[in-house]
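Below is one structure; the comments refer to it alone.
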Amino acid sequence: MSKAVGLLGFKVGMTQVFNDDGTAEPVTVIEVGPCPVLQIRTKETDGYAAVQLGFKDKPRKNARRSEQGHVASKLASKRKDSRTKAGVQLLPKADCEPQRHVREFRLDAPPSVTVGQVLKVGDVFGEVKSVDVIGTTKGRGYQGVMRRHNFDGLPAAHGAKKVHRQAGSTSSLASNRGSGRPKKGLKRAGQYGNARRTVRNLKVIRIDADNNLILVRGSVPGFNGAFVLVRPTNLFNSSHNRVAVQQEVKTKIVLQKKGK
Amino acid sequence: MQSKFMQAVEDKQTKGDVPAFQVGDTIIVHQKLLDGQKERTQAYEGDVIARSGNGIKEMMTVRKIVQGEGVERIFLIHSPRIARIEVKKAGQVRRAKLYYIRERLGKAVRIKGDTKRQQALDAANAKAAAEAAAVKAAAAKEQTAAEGGVSKRAAKRKAKAEAAAKK
């Protein structure tokens, strides 16, 4: 799958919905968009192609001048005056309220959207079968190996003393023999959670355009109300997208043949 | 507090016609089953021993004794597979979960009736039955009117009279 524009949103929570045949589907409700397009990054000017989106208005009094200036074309500034005088073409602005969350979606090619356009859930996910959700997992603090890496711990009896929840031996891994140091990436106690995670290939169950909601099957990272990024899945040959992918490949082949 | 978005999602599918019943009540669950190609309903009668969850996720555990063996089934109250829930008997209990009756047999399984609620329930059930009968009668009348204004019984009588006359 080629890279596609997604949307920014908040995780609302989990519930269930009933299918037509009466089976219950576990879903996560995500409030996505509407997201104004703030900027378009191009290979020529920025070195990469991307779309920058905003989500949720921020009161102007709380926004820094730079945040206000990023979205407003009419904000007066000396630099702008001098640049205009010098004949520099100013970048287009979205002319919306300052945005609380601003993120970019990388793309392969320049997008078809324009700055100032407001993307809604129906526009972006209308025909999407499955999505990827990127969020920050719930922070669990500094945790031991049993909770963090699902280790088994050490025996409760048989002479084990004060080491019941420890990892056991950390050295002498065969591949690192003789180095005198433990192997890199060894699983140990440490910070667990509060990390960026992507869940791929979540099936889209329903889209509620009136309330800007998307319902995906399964769970997504983070607590209720957490900020998440939702994009059409980039998992090639995803089970939910297989038909669409096959179609895409087919058309590509046809086009190639025609080209010949 | 529940989010308004969650409400919007759940309200679409929650049933408005779920009767008020409590733990300890005896209910009949009319369940839709797919029998080959045809859909039919099956009734399951038992005591509600637990209710859990809220909103569209609400579930109930219904227990009954089949051939001396206790059977418990857990239903999603708002499932579209449940056609109707009928409250038969109002029970009076002091627990939110009646798991203790699992260990009991025979007479000890009985749940004390709640006479006050039972009266209201009987009245409501009678009213509902009367309404259903009225609707059915009206539908039958309409059908006979559509078929030529002769009721089945009248048609039968007429045919009989004609046969007698022929003889």
Query raised in the report: Which of A:218, A:204, A:121 sits farthest toward the positive end of the charge dipole of region A:95-237, with +1 on the Cβ of Lys and Arg and -1 on the Cβ of Asp and Glu?
Result: A:218
**Report entry** Entries of B:38/B:107; A:120/A:258; A:3/A:187; B:12/B:116; B:89/B:136 with Cα pairs more than 30 Å apart
**Finding:** B:38/B:107; A:120/A:258; A:3/A:187; B:12/B:116
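Can you pull out the chymotrypsin sites (Phe, Trp or Tyr not before Pro) in region A:1-102 that DSSP calls coil and that have at most 12 other Cβ atoms within 10 Å? Intermediate results must be reported in sequence, preceding the final value.
Numbers: sites: A:10, A:18, A:48, A:55; in loops: A:48.
Listed in order of number, the matching sites are A:48.
Ratio of alpha-carbon Rg to the 2.2 N^0.38 Å globular estimate for region B:115-167, to two decimals, please.
Details: Rg = 19.2 Å, N = 53, 2.2 N^0.38 = 9.9 Å.
Output field value: 1.93.
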Report summary line: Magnitude of the Cβ-charge dipole (Lys and Arg +1, Asp and Glu -1) of chain B about the Cα centre, nearest 20 debye, reported as 700
Report summary line: Note: A vs B interface, total accessible area buried (1.4 Å probe; ligands, DNA, RNA excluded), nearest 100 Å², is 1400
Query raised in the report: Quick one: if the Förster radius is 35 Å, what FRET efficiency do residue B:15 and residue A:138 give, using the C-beta to C-beta distance and rounding to 0.05?
Result: 0.55
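Express the C-alpha Rg of chain A as a ratio against the empirical globular expectation 2.2 N^0.38 Å, rounded to two decimals.
Values: Rg = 24.5 Å, N = 260, 2.2 N^0.38 = 18.2 Å.
That ratio works out to 1.34.
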Query raised in the report: If all Cα-Cα distances of region B:4-113 are sorted into 10 Å bins from 0 onward, what percent lands in each bin, rounded to whole numbers?
Result: 13, 42, 30, 12, 2
Query raised in the report: Label points 7 Å out from Cα along the Cβ direction at residue A:179 and residue A:82: separation in nm?
Result: 5.4
**Report entry** Of B:92, B:44, B:74, farthest towards positive along the dipole that unit charges on Lys, Arg, Asp, Glu beta carbons give region B:4-113
**Finding:** B:92
Report task. With N denoting the number of residues in region A:86-137, provide Rg(C-alpha) divided by 2.2 N^0.38 Å, to two decimal places. Result -> 1.52
Report summary line: Here P(r) for region A:140-192, Cα-Cα distances in 10 Å bins, as whole percents, is 24, 41, 32, 3
**Report entry** DSSP bridge orientation in the protein assembly as shown - percent antiparallel, rounded to nearest 5
**Finding:** 100
Report task. Among A:27, A:163, A:254, pick out the residue whose Cα is farthest towards the positive end of the charge dipole of chain A, where Lys and Arg carry +1 and Asp and Glu carry -1 on C-beta, about the Cα centre. Result -> A:163
Query raised in the report: If the cut-off is 20 Å between C-alpha atoms, which aspartates and glutamates fall inside it for residue B:32, apart from same-chain ones fewer than 8 positions away?
Result: A:20, A:21, A:25, B:17, B:45, B:47, B:58, B:72, B:86
Query raised in the report: How large is the charge dipole for the protein assembly as shown, taken about the Cα centre, if only the Cβ atoms of Lys, Arg (+1) and Asp, Glu (-1) carry charge, to the nearest 20 debye?
Result: 1140
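Please give the length that would be gained between residue A:14 and residue A:61 if that part of the chain were fully extended, namely 0.36 nm times their separation in residues minus their C-alpha to C-alpha distance (nm, one decimal). Don't skip to the answer; put the middle values down first.
Details: separation 47, 0.36 × 47 = 16.92 nm, distance 3.43 nm.
Full extension of this stretch gives 13.5 nm more.
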Query - Qualifying GluC sites (Glu not before Pro) in region B:108-163, DSSP loop, other Cβ atoms within 10 Å at most 12 - result: B:147
Query raised in the report: What number, rounded to the nearest 500 deg cm²/dmol, is the helix-based mean residue ellipticity at 222 nm of chain B, given -39500 (n - 2.57) per DSSP H run of at least four residues and division by all its residues?
Result: -11000 deg cm²/dmol
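Beyond 25 Å, what share of the Cα-Cα pairs of region A:46-150 remains, rounded to the nearest whole percent? Could you put the intermediate results ahead of the total?
Numbers: 2418 of 5460 pairs.
I get 44 percent for the Cα pairs in region A:46-150 exceeding 25 Å.
Which value in deg cm²/dmol, rounded to the nearest 500, describes the helix-derived mean residue ellipticity at 222 nm for chain A, given -39,500 (n - 2.57) per DSSP H run of n ≥ 4 and division by the residue count? Let's see the in-between values first.
On the way: 6 runs with 47 residues, N = 260.
My calculation for chain A gives -5000 deg cm²/dmol from helical runs alone.
If A:164, A:149, A:158 are ordered by their accessible area, calculated over protein heavy atoms with a 1.4 Å probe, which sequence runs from highest to lowest? Mind showing how you got there, number by number?
Values: A:164 75, A:149 50, A:158 180 Å².
Correct descending sequence by accessible area is A:158, A:164, A:149.
The values are calculated or read from the model by the stated rules, or taken from the named source; none is laboratory data. Being a predicted model, the structure only gives us computed values, none of them experimental. Neighbour counts are summed over all protein chains in view; Cβ atoms, including those assigned to glycine, are modelled from backbone coordinates with ideal geometry. Heavy atoms of the whole protein, side chains included, go into the accessibility calculation; ligands, DNA and RNA do not. Shrake-Rupley method; radii C 1.70, N 1.55, O 1.52, S 1.80 Å.
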